[in-house]
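The values are calculated or read from the model by the stated rules, or taken from the named source; none is laboratory data. Everything numeric here is computed off the predicted structure, so don't read it as measured data. Cβ sites come from the backbone with ideal geometry, for glycine too, and all protein chains shown count toward neighbours. Areas reflect the complete protein model, heavy atoms only, side chains present, ligands, DNA and RNA absent. Shrake-Rupley method; radii C 1.70, N 1.55, O 1.52, S 1.80 Å.
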Amino acid sequence: MIQLIQKKLLNMKYKYIAIEGNIGSGKTTLASMISAEYEVRLILESFADNPFLPKFYEDPAKHAFALELSFMAERYHQLKKLKEQDLFQPHMISDYFFMKSKLFAKNNLKHDEIQLFNRLFDIMFSSLPKPDLVIYLYAHVDRIQSNIKKRGRYFEKNISKAYLKDIQDTYLDFLKKQDDFPVLLLDISQVDFVADTSTYKSIKDMLNLSYKKGIHHKVLTLVK
């Protein structure tokens, strides 16, 4: 059993992979699939018990600051704790990157709130592990809305197309400008990596390649 795990770890080219994307893009699903495949540590964002999330969707202006602070604090404590424990299982994959906190804050907060938020963010970010590879799952907003509707979370039912587009644009603007780490941008608008095993295999094959810092755009299509 130990030899099998070691073999899988050798096939996991990157020590820390973070999967990002818009709401409902499939981040948690893909992270869980890859974690199970390689038997590496899985880090999932905790949102179900956040009391500010349903309130935010009802009244964004009133609850945005509390929501973004609470999410950032939770992400920080989770990643900080894992950094201190990685001696025994150094490989890991997560369904978020801590930079997400800053990007959502940019989209949701007022100017004076953003200034305070960013000062706190910078203090936290400097002490956290950085991913060796970020995977960004891109899909057209119509596809994202369809995914959100299918999973049926009551507090997400009124998310507008405009809000989803703003989130997408904020992510893409940041990813295209940064050169600190490699980003594998996967356009999954026309595929389903859960139902189609060939698509999932294509993603796994991409994880065996080396990428320079910056963004690398791949459009996934069905193999006939």
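I need the Kirkwood Rh of segment 149-204: take the reciprocal of the average 1/r across all distinct C-alpha pairs and report it in angstrom.
Values: mean 1/r = 0.0708 Å⁻¹.
One over the average 1/r among Cα pairs gives 14.1 Å for segment 149-204.
Residue 155 exposes around 40 Å² of accessible area when a 1.4 Å probe is run over every protein chain in place. Got a sec? Charge dipole of segment 19-108, +1 on Cβ for Lys and Arg, -1 for Asp and Glu; which of 60, 96, 24 is way out at the positive end? Checking the options against the dipole of segment 19-108, the answer is 60. Pairs exceeding 23 Å between alpha-carbon atoms, taken from 13/106; 106/177; 80/204; 27/176: 13/106; 80/204.
Do me a favour and compute the ellipsoid semi-axes for segment 91-163 from its Cα gyration tensor, root of five times each eigenvalue, largest one first, whole Å.
Details: eigenvalues 138, 76, 21 Å².
Its equivalent ellipsoid spans semi-axes of 26, 20, 10 Å.
Within the chain, which complete DSSP H helices have Cα atoms spanning at least 30 Å along the helix axis and a mean Kyte-Doolittle hydropathy of 1.0 or higher?
Working: long enough: 60-85 (38 Å, -0.68).
Sorted by number, there is nothing, because no helix extends far enough and scores high enough.
Identify all aspartates and glutamates with a Cα-Cα distance to residue 62 below 18 Å; exclude those on the same chain that are fewer than 8 residues away in sequence. The qualifying aspartates and glutamates are 112, 113, 156.
Measuring from centroid to centroid over Cα atoms, what is the spacing of segment 120-157 and segment 172-187 in Å? Taking the Cα centre of segment 172-187 as reference, the centre of segment 120-157 is 14 Å away. The magnitude of the dipole of the chain, with charges of +1 and -1 set on the Cβ of Lys/Arg and Asp/Glu and taken from the Cα centre, is near 360 debye. Computed with every protein chain present, the accessible area of residue 12 is close to 10 Å² [probe 1.4 Å]. Build a GNM of the chain with springs between Cα atoms under 10 Å apart, and of 122, 112, 192 the one that fluctuates most is 112. Convex hull volume per residue, computed on the Cα atoms of segment 72-224, equals 149 Å³. Among 95, 173, the sequence by solvent-accessible area, most first, with a 1.4 Å probe is 173, 95. Straight-line cross-link reach from residue 213 at under 16 Å between alpha-carbon atoms covers these aspartates and glutamates, not counting any fewer than eight positions away in the same chain: 132, 173, 179, 180. Kindly state, to the nearest 0.05, the FRET efficiency for residue 59 paired with residue 146, given R0 = 25 Å and r defined as their beta-carbon distance. My answer for the efficiency is 0.45. The share of accessible area on the chain that comes from carbon and sulfur is 55 percent, using a 1.4 angstrom probe.
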